Amino acid sequence: MQLVAINGLLAGTALTLADGLRIEAPSEGEDARVCCDVRAAAEGTFSLHPLDDQATVFANGLPVSARCLQPGDEIRIGDSVFIAREEEPVAAPPLNRCRVSLGPVPHVRQVLESGFEEALLQAEHMAAPRAGSDLALLMRAGAALSAVPGLAAVDAALAGFVLDIVPAEHVVFAGLEDSQAAIISAWSATTDAAVTVDPDLLKRVIVERVAVVIEGEGRRAVVAPMMAFGRAISAVWAEARTDTPPGRSTSIDAGHVRLLLTVTALAAVARQQSRESARLQEIQDLLQAEINLEHNMVGCSKPMRTLFERIARVAQTDATVLLRGESGTGKELVARAVHRNSRRAKGPFIAVNCAALTESLLESELFGHEKGAFTGAIGLKKGKLELADGGTLVLDEIGELAPALQAKLLRALQEREFERVGGTRPVRADFRLIAATNRDLEAAVKSGTFRQDLFYRLNVVTLFLPPLRDRRQDLPLLAEYFIRKHASRCGRRSCGIAGDVLSLFLKYDWPGNVRELENIIEQALVLGNGDQLMIADLPPGLLAPEPASSSSLDYHETLERTKRELIVRAFEQAGRSHTDAARLLGVHPNYLHRLIRNLKLRPRVGTAESRAQLG
């Protein structure tokens, strides 16, 4: 198994895992290095062990203290991102590796020369037995080369076919690097083999696209171009000694050359396709890693360690998960971590905010619609449930779902089938559901606003996300993580945090939780310009202590009062702009409208929308 670095300062590095291997990855902009040890595990697997509990080591988005590596795992060590991959298998024939040297080959004469097109398009008639055997070998080569994966496997398979085509003992594959011949690989049917190949002849064969047969000094060789898509991309050198035992022919004729050119052309195309496939896979891994870097979970406090352990266990099943916690605690991050560590990780991850759309639009968004189902339905549209087939569907703010949609969702969860809006045929979809809410669903069930049977269907495995005030130990780690995440995009170098700022952070109750902390860090990076975040860089008023307006200790009353004051303060800082206030609070504008209505805040926030409605 290998760890291939696709991002960060070690990008392009491939590490072959072995027991005792130590991986040291630097952190960009810092002198510190993050170290991990690799240890052999059962059945040829390997485990990764960070040497520092505070080190930045993630596996599929979760901080880890140890990880048994599986193919496809995404590992972040320091600022470098690695993908765990199985080493490319080499389906090698019973051949030996051959030692090769580049140099002139004196005292040889050319006995045959044939251009690629001439050999294939103007071939003379062959005897039926020869033609039949060549066709059989060609068909076998085509089938084998189309099935082998990877560059090394293509070369290994091709070497065996070359030895079947021409009477040879050694096979060398070479290409051009900076207009000079360079060896790719070499194979031999004998042990302790060594061969010298002429770089000038290799270059001529590739440039002129001709096959040449040479002999002299007790050996005979055929040198041929490997053609793909109209150009020679490399060459093959097949050689044998002429002083062979009686009864074994070393003669190489035009028929051998013609068949060799055909088979090597097939192999060259297979090699190019394998190389392109590997390149596209690297691009996909890189793009996916860049997306995933935004969704790593950070924390070393006891509540977070407990949460990480539960995520790791739950992810291995297909059980429905209900995420509960205050707004801004990172419910979507948990949902992504469950998906990335599950068997569905290669499938789609579809997230829908149930509070962001009206009932009719949300129904179409979730279940899709048929052409002509309603005005404006000009074509068939697949819903999110259908698009999540084979993957994970996340329904955020599930407590805001309308009663009619609750009934339709319940049937879809029970039967794993549903009907599009305006449709008559059932649509089946295999998805895992993760629901998230900050509402008290038990209270909603008692009040009749949320179906009891749907609650039981959702409440299979419940994960409670701790608020930031209950995990203050993670504040320094989170602040450092957000500084590194946003520094470059804010035009700042990675910087530290002044002691008084950190003390203020530790005293604050963080009603907006991790989302509020991230917003404050990003704003401070934009406003400041020093090597540290200072008190003066913080948004004014956001961290001011709240006056005690009441001595009541009632939880719901205190929470409602805090929501009111937070919304009013956001509107004051946003210049009464509803959109900007929603952005500061980290909530969707539609959800903010609902909060304002439920908390009866329209007279206090004084937005243009509320004045128009009141006037």
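Each value in this text was obtained by applying a stated rule to the coordinates, not by laboratory testing. Values in this document were obtained by computation on a predicted structure and should not be read as measured data. Cβ: placed from backbone, ideal geometry, glycine included. Neighbour counts: every protein chain shown.
Structure values in brief
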read-out: P(r), alpha carbons of region 302-466 - 5 Å bins starting at zero, rounded %; value: 2, 9, 18, 21, 20, 15, 9, 4, 1, 1, 0
read-out: Among 326-334, 211-219, the order from most to least packed when residues are scored by Cβ within 10 Å on average; value: 326-334, 211-219
read-out: Peptide ranges 108-115, 373-380 listed from the most packed, as the mean C-beta count within 10 angstrom indicates; value: 108-115, 373-380
read-out: Gain upon complete extension [THR45, GLN110; 0.36 nm per residue less C-alpha separation]; value: 18.1 nm
read-out: Filtered trypsin sites (Lys or Arg not before Pro), region 482-536: DSSP coil and at most 15 other beta carbons within 10 Å; value: ARG489, ARG493
read-out: Sparse-neighbourhood loop sites, trypsin sites (Lys or Arg not before Pro) in region 335-405 - DSSP loop, at most 12 other Cβ within 10 angstrom; value: ARG343, LYS346, LYS371
read-out: Highest to lowest packing among 584-591, 457-464, scored as the average C-beta count within 10 Å; value: 584-591, 457-464
read-out: Potential lengthening between LEU506 and GLN532 on full extension [0.36 nm per residue; Cα-Cα distance subtracted]; value: 7.6 nm
read-out: Lysines with Cα under 16 Å of LYS371, excluding same-chain neighbours fewer than 8 positions away; value: LYS381, LYS382
read-out: Beta bridge orientation in region 302-466: antiparallel %, DSSP, nearest 5; value: 20 percent
read-out: Filter on LYS446/LYS600; LYS346/LYS384; LYS408/LYS600 - keep pairs with C-alpha separation over 20 Å; value: LYS446/LYS600; LYS408/LYS600
read-out: Modelled FRET efficiency - R0 51 Å, ARG489 with THR320, Cβ distances, 0.05 increments; value: 0.90
